[in-house]
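**Q** Quick one: the structure is below, questions incoming.
The values are calculated or read from the model by the stated rules, or taken from the named source; none is laboratory data. Small disclaimer: the values here were computed from a predicted structure and weren't measured. For neighbour counting, all protein chains shown are included, and Cβ atoms are generated from backbone atoms with ideal geometry for every residue, glycine included. Each accessible area value is taken on the protein alone, full model and side chains, heavy atoms only, with ligands, DNA and RNA left out. Shrake-Rupley method; radii C 1.70, N 1.55, O 1.52, S 1.80 Å.
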Amino acid sequence: MNCTEFLANLTDYFDAKTAATLRSELERHMGGCNHCHVTVNTTRQTIEIYRNDELYELPDAIRTQLHQAVLAKCAESKRKKKQTKA
Ligand SMILES: [Zn+2]
């Protein structure tokens with residue numbers, strides 16, 4: 001599983017009905033990927049905020065925002081690795 005696949009299944013991670021196999025795959029990726037780990041924490045906090053307002057569906061806008069943020073971070077860290085000269 002890569003970051004894109006992880007993000008595509010991100011909302012399922014918070015769904016109690018999600019199969020244990022998918023959940024463990026998500027957890028495995030998250031364990032080795034700091035970006036996705038941070039995304040999950042942020043999303044969890046967001047969901048908790050919305051739950052307090054009795055609105056627990058993750059809005060598409062926030063999902064898109066998180067998706068873009070993680071992809072940007074991944075691209076950034078790849079660039080940094082290439083640029084390490086000094
Ligand atoms: Zn990732």
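**Q** Kindly provide the set of residues from the range 1-19 that are open to solvent by 80 Å² or more (accessible area, probe 1.4 Å) and either modelled with pLDDT of 95 or more or away from the ligand (no atom under 11 Å from the Cβ) (or both), ordered by number.
**A** A16, K17
**Q** Those residues that are away from the ligand (no atom under 11 Å from the Cβ) and not charged (D, E, K, R), I need them from the range 26-47; list them, please.
**A** Answer for the range 26-47, where residues must be away from the ligand (no atom under 11 Å from the Cβ) and not charged (D, E, K, R): N41, T42, T43, Q45, T46, I47.
**Q** When you scan the range 46-86, how many residues do you find that are in a helix (DSSP H, G or I), out of contact with any His (no Cβ under 6 Å at 6 or more places or on another chain) and either at pLDDT 85 or above or not polar (S, T, N, Q) (or both)?
**A** 21
**Q** Residues in the range 12-54 that are touching a helix residue (DSSP H, G or I) at 6+ places or on another chain (Cβ under 7 Å) and among the β-branched types (V, I, T): how many?
**A** Residues flagged as touching a helix residue (DSSP H, G or I) at 6+ places or on another chain (Cβ under 7 Å) and among the β-branched types (V, I, T) within the range 12-54 amount to 6.
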